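Take a look at the structure set out below.
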Amino acid sequence: MICKRLVRHPGARLAWRAAALLLASAWLALAGSLAQAQERVALLLSERGGHYSEFIDAFYRALNEPPSNGRTFTAIEMNANTDDGSDPRLAGVSVVVAVGVQAMRAASGWDNAPPTLNVLVPRTHYERVVTETGRRRARAQFSAIYLDQPVSRQLNLLHELMPGKRRVATVLGPDSEFYLPRLRAAVARSGHELVSEEVSAEFEVIPALTRLLGSADVFLALPDSVVFTRESARSILLTSYRYRKPLVGFSQAYVSAGALAAVFSTPSQIARQTVDILRALPPGRSALPAPTYPTFFSIAVNRAVARSFVLKPPADGVLHAVLASQPEGE
């Protein structure tokens, strides 16, 4: 009864109204602060389907996870074929995520665009674009998560799979030939020995591989559009078998086709790293971190192939733990 009488009293009604107004104002202020904290990111897409769709789906899943630092993002999608740096939708965008080589090339020519993080791009393609257009986009505004793995990570995998086997062969083509000084340094640091040849056309690959395998312990495959094509992949694998030298590849597909093993990053793993980078950036338009290799990666081992070479690799989880504990060295 006391409570009812207090509510019916004119003074009490005024107090309740004032409290309600204060509460509404607080909610409005909170909503305003949340709106200010929410930032916009643009996804610039090379195309849809396949591994691009896998990246996009994983990106949105990670983006929608509750943030630990209170920052939230909304994303807009843009097509690399039709959009350019003057698109009005870029107004208010803090970062552009360019997905794939085509999107990277499109974004590299934009003037006064938001910082651009390129993903699903091999290091060779990124370096080439930076060389061609570096004067237009500073590296702090144009960075990348490489699609390929650091050579040191691949060499660590070789060591775990084939301890005591040191002589590593590889064939380099137009996409990967500039890798050679970096590759030699990484091989020297790891205690391995490198034997390599450079080719300029696909028909040169098998003769070069034949010359190398006679004195090598293992063939290390590095991504290159001339060396490794749909047509050459089977011939390369058959040649390595003929010489009884295992091949360590750079994708799950190669392991399924007959390579001994591979270390690789999936589009979903790179999407997760992309969101981690976005959330770690200071609010607003800021410098991006330096280009980096994937943080998250997977290992695949073809156990049947390992048995054919009389090898007994550790379990995949053990291999992953060992490689994750090693510094990249590049």
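The values are calculated or read from the model by the stated rules, or taken from the named source; none is laboratory data. These figures come from a predicted structure and were not determined experimentally. Every residue, glycine among them, receives a Cβ derived from its backbone with ideal geometry; neighbour counts consider all protein chains shown. Please note that ligands, DNA and RNA were not included when accessible areas were found on the heavy atoms of the full protein model with its side chains. Shrake-Rupley method; radii C 1.70, N 1.55, O 1.52, S 1.80 Å.
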Low-density loop cleavage sites - trypsin sites (Lys or Arg not before Pro) in the range 220-257, where at most 12 other Cβ are within 10 Å (DSSP): Arg244
Expressed in nanometres to one decimal, the distance between label points 7 Å along Cα→Cβ at Thr82 and Glu54 is 2.8
With N denoting the number of residues in the range 169-218, provide Rg(C-alpha) divided by 2.2 N^0.38 Å, to two decimal places. 1.14
By how many nm would the segment from Ala315 to Glu132 grow when fully extended, if each residue of separation counts as 0.36 nm and the alpha-carbon distance is taken off? 61.5 nm
Would you pull out the residues with amide H under 5 Å of Glu77's amide H, same chain only if 5 or more places away, H placed 1.01 Å from N? Leu43
Note down the Stokes-Einstein diffusion coefficient of the range 125-243 in µm²/s, whole number, using a Kirkwood radius over alpha carbon pairs, 37 °C, and 0.692 mPa s. 211
Taking 0.36 nm per intervening residue step and subtracting the Cα-Cα distance, what contour gain separates Thr72 from Tyr243 on full extension? 56.1 nm
Using alpha-carbon coordinates alone, the radius of gyration and Dmax of the range 51-148 in Å work out to 13.6, 39
Roll a 1.4 angstrom probe over the protein heavy atoms and tell me the percent of accessible area of the range 50-191 that is carbon or sulfur. 49
Quick check: Cα centre of the range 201-261 to Cα centre of the range 60-96, how many Å? 40
